[in-house]
1. Using a 7 Å offset from the Cα along the Cα-to-Cβ direction at both S2 and S191, what is the distance between the two label points in nm, to one decimal?
2. Could you pull out every residue, at least 5 positions away or on a different chain, whose amide H is within less than 5 Å of the one on S137? Hs are placed 1.01 Å off N in the peptide plane, and Pro or chain starts have none.
3. Going down the table (K21/K113; K113/K190; K111/K182; K36/K87), which pairs top 21 Å between alpha carbons?
4. When the chain is fully extended, how far beyond the present Cα-Cα distance does L52 get from K173, taking 0.36 nm per residue of separation?
5. Counting Lys +1, Arg +1, Asp -1, Glu -1, what net charge surrounds V97 among other residues with beta carbon under 13 Å of its beta carbon?
6. With a 10 Å Cβ neighbour count serving as the proxy for reagent exposure, in which order, fewest first, do S53, S139 appear?
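Every number here is computed from the coordinates shown, using simple stated rules; none is lab data. Note that the structure is a prediction, hence the values are computed from the model and not measured. Note that each Cβ is placed from the backbone with ideal geometry, even for glycine, and that neighbours are counted across all protein chains shown.
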Amino acid sequence: MSDLGLLSYFLRIEYKMTKYKIVMHQSNYASIQVCKGSIDGGGGLNMQQSNLSGTPVEVGLVLEKETNEKLVDHTYYRKISHLLATKRILRYVQGKVDFGILFPKGEADAKLKLIGYSDLDWCEDKRYIFYEGAPISWSFTKKPIATLSSCETEYITAFETACQVVWLDALTKELQVKNSSKVKLLIDKKSTIDLARHTSHERSKAYRNKVPLLKIASQQ
């Protein structure tokens, strides 16, 4: 085993370290993807001179598969709507090439104070993110199971977030990082918070294996 010095590149992520901060970004990788989408890169799209976009997708955009389409290689028969969505993503990436995540230097004896956010939107996408001066852990996935209400779906999302709390707590202990005794978890639905605190509710019987952990997390 040999010392390779300060980390500068790992898994397509670049790191810039100074005395007061660490910046994590993917400028080189993002530029390559925009170039691949251009005519010179073989993508057939003139993206390098295109107008920039402030968001990756249009609000309310839903891309659906045709129910009666024949079984053909879908890579040969793209829809115009899919092409426009792809171009917008590339325009968004092009405008954010120089963006990254900044981790400011903290005090040597400061304790880690994690804050977690759990959310679910109307497109049934569940997500969570943890902050400690900058985002350090996040997830964005489709809802994996069928539920009877948005409250129950938010509850499942909050449970998975609580699992991440337990994992982050174990990780900080292994790294011998000073951590505050509590992790603040913010949920945007009051009925979900009430369900986590009152686990004897009828709605919680379908998730009995998940109830104790989330109840402990809500009490902490």
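1. 6.1 nm
2. F130
3. Pairs exceeding 21 Å: K113/K190.
4. In short, 39.2 nm is gained.
5. Summing Lys and Arg as +1 and Asp and Glu as -1 gives 0.
6. S139, S53
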